[in-house]
1. Given the Cα-Cα distance of T49 and N165 and 0.36 nm per residue of separation, how much length would full extension add, in nm?
2. Test of understanding: what is the full-extension gain from R112 to N68, defined as 0.36 nm times their sequence separation minus their Cα-Cα distance?
3. For the pair M75 and T92, how long in nm is the line joining their label points, each one 7 Å along Cα→Cβ?
4. Starting from the Kirkwood Rh over alpha-carbon pairs, what translational D in µm² s⁻¹ does the range 47-100 have by Stokes-Einstein at 10 °C and 1.306 mPa s?
5. Determine, from the Cβ-Cβ distance of A85 and D122 and an R0 of 25 Å, the FRET efficiency 1/(1 + (r/R0)^6), rounded to the nearest 0.05.
6. Would you mind getting the Kirkwood hydrodynamic radius of the range 76-168 from its Cα pairs, rounded to one decimal in Å?
7. Under a Cβ-only charge scheme (Lys and Arg +1, Asp and Glu -1), can you give me the dipole magnitude of the range 57-177 about the Cα centre, in debye to the nearest 20?
Amino acid sequence: MKTFFARYESQVVGVAAIALAASIQSVMVGGEAIANPQPQPIPMAQAMTVPQALETLRQSERRWIEINLSSQRLMAWQGNERVYAVIISSGTQTNPTLPGVFAIQSKHEEARMQGEDYDVPDVPFAMYYDGNYAIHGAYWHNQFGTPMSHGCINVAVDHAEWLFNWAATGTPVVVHY
């Protein structure tokens, strides 16, 4: 199995999304093989910057998610066509959302999220894309457009439901400033 990486500025992160966008049948994410639900041949280098990943995904027909931390916006794309856009709340300076290229690893209609200073039950429509980082509904606030999470991407519950139904496991997620 090939291993792909994306380079964000000087930081290198493992990228299942890049492998999924290429003509690869499956990749290992967290020790688990994830099948590529929409294999499409796309020429790709083994090391890729986030801008290169954005360009490659825009030239494909794949569904993918872009998260712009500067504007606090999430956009759902099908190739080069934006199909959905919402205002988000990302992580704070103390608990930042990490930039990079990822893939949705698992989806849960409800999840309990816990940390040192929080314990939130019944978090709706959670889509984990990087370890404990997820895109999910937030019923406990409506201050979207302001960074205030512990690193996850908070969206309104109705938007989280739409995204949950639209995105499959393996959908690329590109997070940038």
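1. 38.9 nm
2. 13.3 nm
3. The modelled label-to-label distance comes out at 2.9 nm.
4. Working: Rh = 12.1 Å.
Value of D from the Cα-based Kirkwood radius: 132 µm²/s.
5. 0.45
6. Mean inverse Cα-Cα distance, inverted, gives 13.4 Å.
7. 460
Every read-out reported here was derived from the displayed coordinates using simple, explicitly stated rules and does not represent laboratory data. As the structure is a prediction and not an experimental result, all values here were calculated from the model. So basically every Cβ, Gly included, is an ideal-geometry build from the backbone, and we count neighbours across all protein chains shown.
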